[in-house]
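This report concerns only the one structure given below.
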């Protein structure tokens, strides 16, 4: 899909809204908004692609609040986001602050009027994925959201709270960790379920989660499909059998899951009146970047920037990791699981049409 030329505010809007470049880890004020707010708030659920630091407050190994994470952020601060920081982008949305992570000290008072981030690295549709890594499951994220709604009523009053809940955009990113960090490394799962059976379990959980969000007032929901998980540097290293190329069987599973996700989404929209539910495709554009990196200005797609680039993520990616690259803009991946900032900017442009349809 060719990159669509667009006005600056639309490009900035998407940078805030979608897949890894959603919201800043800082909730400190920025400059005066250029235009009135386009949306009342943003609610974010899911995994490490969209988290902004909730895991900082948990006893878990799935963290990124230390160098070299944050090296390429605008403020060069390792906030707990696995992807990157967009401080300053949201001013074109008319937001004077960014929605806080729900476990932070900033998640109170008027800050709640911006929405909140409930996401947690290592989480997924499958309940035991989060339990395995001691992170926040989607079920628990919903519990936090219910608590958030009660606090919001206290801050804004019932009428304003309802308007914010109905008018906000909800973003959901999950599924990849269920496969890469649970199913394929967990003999209790992969010996009992075939990949397509496990996919069906995840899809059922997805359907239930969306229905719960809808019941709680959500009407504008964007959900990302899962990436080509067989092409993640860590997947190739662990499951590639020394072939040094994408693991085809894992990508086929991702494609099966994404097909079921699309079909289930159509059914949910037909079943739930007034629901805007959009699947945000990150599989195809990321796959293209991986297989034709030079077409997108990248030099390296097999290895990540951090350390050896073959496996490192979280605490394995640290300031003493030997070999960390000097210029991450040349790499499709920042660590063994997560795309680089440069790659995420391209993904944002690819998601422009779908994202605008939620407004």
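The values are calculated or read from the model by the stated rules, or taken from the named source; none is laboratory data. Predicted model, so just to flag it, every value in this text is computed and none were measured. Neighbour counts are summed over all protein chains in view; Cβ atoms, including those assigned to glycine, are modelled from backbone coordinates with ideal geometry.
Among the residues that make up the range 268-280, is at least one of them closer than 30 Å to residue 59 by Cα and either within 18 Å of the chain's Cα centre (by Cα) or crowded, with 17+ Cβ neighbours inside 10 Å (or both)?
The answer is no, given that none of the residues of the range 268-280 is closer than 30 Å to residue 59 by Cα and either within 18 Å of the chain's Cα centre (by Cα) or crowded, with 17+ Cβ neighbours inside 10 Å (or both).
Can you tell me how many residues in the range 90-113 are modelled with pLDDT under 90 and part of a helix (DSSP H, G or I)?
4
If I go through the range 267-279 residue by residue, how many of them are free of Cβ contacts under 8 Å to residues at least 24 places away in the same chain and touching a strand residue (DSSP E or B) at 6+ places or on another chain (Cβ under 9 Å)?
The qualifying residues number 1.
So how many residues does the range 307-343 have that are surrounded by 24 or more Cβ atoms within 10 Å (Cβ to Cβ), more than 19 Å from residue 240 (Cβ to Cβ) and out of contact with any helix residue (DSSP H, G or I) (no Cβ under 8 Å at 6 or more places or on another chain)?
Going through the range 307-343 one residue at a time, the tally reaches 1.
Do we have any residue at all in the range 254-261 that's modelled with pLDDT of 95 or more, in contact with a strand residue (DSSP E or B) (Cβ under 9 Å, 6 or more places away or on another chain), assigned to a helix (DSSP H, G or I) and buried (at least 16 other Cβ atoms within 10 Å of the Cβ)?
The answer is yes; a qualifying residue exists.
One line per residue, one yes/no per condition, for (1) buried (at least 18 other Cβ atoms within 10 Å of the Cβ); (2) within 24 Å of residue 313 (Cα to Cα); (3) within 17 Å of the chain's Cα centre (by Cα):
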site: 181; (1), (2), (3): yes, yes, yes
site: 206; (1), (2), (3): yes, no, yes
site: 225; (1), (2), (3): yes, yes, yes
site: 244; (1), (2), (3): no, yes, no
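Tell me, yes or no, whether the range 230-246 has at least one residue that is at positive phi, touching a helix residue (DSSP H, G or I) at 6+ places or on another chain (Cβ under 7 Å) and either in contact (Cβ under 8 Å) with a residue 60 or more places away in the chain or assigned to a helix (DSSP H, G or I) (or both).
no
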